[in-house]
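Engineer: One structure is given below, represented as structure tokens, and several questions about it will come after.
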Amino acid sequence: MVSIPLNADARPTSIRVDAEATGKVGSQSEAGRAPGGPAEFDRIAPRLKAVLRVARYHGVELDPNEFKVASASPVPNATDLSQWAQNGGMWSRALRIRWSHLLRFEHTGPVVLLFNDGGAGLLTGASPERNVVFLKSADAPEDAEAIAIDELRLSQVWAGEAVLLRPARSYIAADAPFTLGWLIDLVRFESRSMRDIGIASFTLSLLTVLPPLMVMTLVNKVLQFNSVSTLVLLSATIAVLFVYETLLGHARRLIINVVGARLDTKLNLHVFSRLLRLPLDYFERHPAGETMYHLAQIYRIREFLTGKLLSTFLDLITLCVLIPVMFYINATLGWMVLACAGVI
């Protein structure tokens, strides 16, 4: 067990819970695996466990069974751990850092510190004003508080070896976690089609307003002056507008269906790819019902973005065209319509 004395007379403070997890990894991490199955989190060597915790913090699942020991050391070294993380799609570096460098990790993600006895801890923060860093055990719960450690006590168990991890800079949408922002970005990829839908909706809104205006002209000009030529012209114009509105509405519905099909295809491929990339121990730690529930929420959000939200956006375009026209025709009636809409 790695423990750091508070002072010369006080009892030592443990920063690692597992006393027997100094862990012999063996030739292929056999000590951390369940026979005939995937590795269980509680039986994984502490250094692997620390890297797993940091990877999950960044939204990446690493498979302990893919860890390979390239050296003859009985415990995983920094180079092997870094290579394992890189093979899992992360950016990682194994290096030696000084105490002064640790104090700079004040607002960064967790860092894996490798202790002298083969254990590991997570550096979750630092306080340059107090000249302390905050460490947490790899076995500690997610809501556990980190312990403040000064330079003197940390130097007794740590020689400067650390592993830095973060998502790779080539981090693309296919590797991003399932969030609302990811789905919004997925819709933004169809910006050209969405632009065409917006233009078509604006044009259809104008075409919706034109027939009433022509009817007003018909009443004021044709009936009053018996102008047959004006009647023929207005009738032909209305017929052309009706045909054009029908074709444009059909084209808009077709584009909406194409965009919806593209989003469904991309989402299905993304979900299938992510499920295949999950390690086997993920399905042992999480029930199948929980996974299916989260997938269902993703499809519900997608349906909202391309369904009700899109319909509201299209109706808003029509509203922005109709309101000025109503006030142009009759301001009093326009205010009455807005008042009735507010009451409803």
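Values in this text are rule-based calculations from the coordinates and carry no lab data. Note that this is a predicted model, so its numbers are computed, not measured. Cβ sites come from the backbone with ideal geometry, for glycine too, and all protein chains shown count toward neighbours.
Engineer: Read phi for every residue in region 306-316 and hand back ³J(HN,Hα) as whole Hz from Karplus 6.51 cos²θ - 1.76 cosθ + 1.60, θ = phi - 60°, with x for Gly and Pro.
Structural biologist: So the Karplus estimates, Gly and Pro as x, are 9, x, 5, 5, 5, 5, 4, 4, 5, 5, 5 Hz.
Engineer: Would you kindly calculate the translational diffusion coefficient of region 174-308, applying Stokes-Einstein with the Kirkwood radius from alpha carbon pairs, for 25 °C and a viscosity of 0.890 mPa s, and quote it in µm² s⁻¹ without decimals?
Structural biologist: For the chosen part, D equals 129 µm²/s.
Engineer: Something else now. Can you compute the label reach from residue 189? Point 7 Å from Cα along the Cβ direction, backbone N cut-off under 20 Å, restricted to region 265-298.
Structural biologist: 265-278, 295-298
Engineer: With the crude spin-label approximation of a point 7 Å out along Cα→Cβ, what separation in nm comes out for residue 131 versus residue 116?
Structural biologist: Computed distance between label sites residue 131 and residue 116 equals 2.1 nm.
Engineer: Still on this model: Could you please rank 232, 112, placing first whichever residue has the fewest other Cβ atoms within 10 Å of its Cβ?
Structural biologist: 232, 112
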